[in-house]
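As structure tokens, the structure follows; a few thoughts come after it.
Just so it is clear, none of the values below were taken in a lab; they were calculated from the coordinates. As the structure is a computational prediction, the values presented were derived from the model and not from experiment. Here the Cβ positions follow ideal geometry from the backbone for every residue, glycine too, while neighbour counts run over all protein chains shown.
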Amino acid sequence: MTKRNQQILAAFLIGLGLLYFAANFINIDPGDLFWPLALILVGVILIFRPKSIMPDNSRYLFAGDINVGKNWQAADEEVRMFAGDIDIDLREINLPEGDTNYAVRFFAGDITLFLPSDVGLKITSNGFVVEVKIDGDAKSSNVMTGYEYLSDNYDTAAKKFHLTTSAFAVDLKILNV
């Protein structure tokens, strides 16, 4: 999440908190105002959102499941969607040597990554809620903080995969295979 988006979200949350606080003293129903304010916030974020990192290789979906496997041409790519599940199976992909960047921007979703031992992995994840499990073990549960991960072999691996996520809520599962 960019600094500007963090400031917009912070202002929205402060305003919403003040509205609920004021509701204790005056006769208003904050629930009637929440959805219009939420829609205004989404509109402001859409206007000021950062430009696509990789505009030539971007996919836009509202919701759905994406399976990145043997039919995927390994190249830098960005996916934007409201909600969904993404399975990335690096065992089936012929990754080129060097860095391959895969960026995901969504409101909420799950990402499962199958990681072979010869591929170095870097994860940069920003979100309100970030849950991370590596080989089934809970490694991190972050609220309003980012998550960074670097596999042990990242510096020495010839093939490197960099996963970047921005989401309100994301559940990352990394399975070493």
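At 0.36 nm per residue, minus the direct Cα-Cα distance, what do Phe21 and Asn57 gain on full extension? Give it in nm, one decimal, please.
Value of the extension gain: 8.4 nm.
How high is the relative contact order of region 55-176, given as a whole-number percent (alpha carbon pairs under 8 Å, six or more residues apart)?
Worked out over region 55-176, it gives 28 percent.
If we count other beta carbons within 10 Å of each Cβ, what is the order of Asp99, Asp152, fewest first?
Asp152, Asp99
Find which of Ala75, Ala158, Pro96 sits farthest along the positive direction of the dipole of region 55-176, computed with +1 on the beta-carbon of Lys and Arg, -1 on that of Asp and Glu, about the Cα centre.
Ala75
Neighbour counts of other C-beta atoms within 10 Å: give me Lys70, Lys133 arranged from fewest to most.
Fewest-to-most ranking of Lys70, Lys133: Lys70, Lys133.
If you place +1 on the Cβ of every Lys and Arg, -1 on the Cβ of every Asp and Glu, and leave all else neutral, what size is the dipole of region 55-176 about its Cα centre, to the nearest 20 Debye?
It works out to roughly 160 debye.
Fewest first, what order do Trp35, Trp72 take by the number of other Cβ atoms within 10 Å?
By the 10 Å Cβ count, ascending: Trp35, Trp72.
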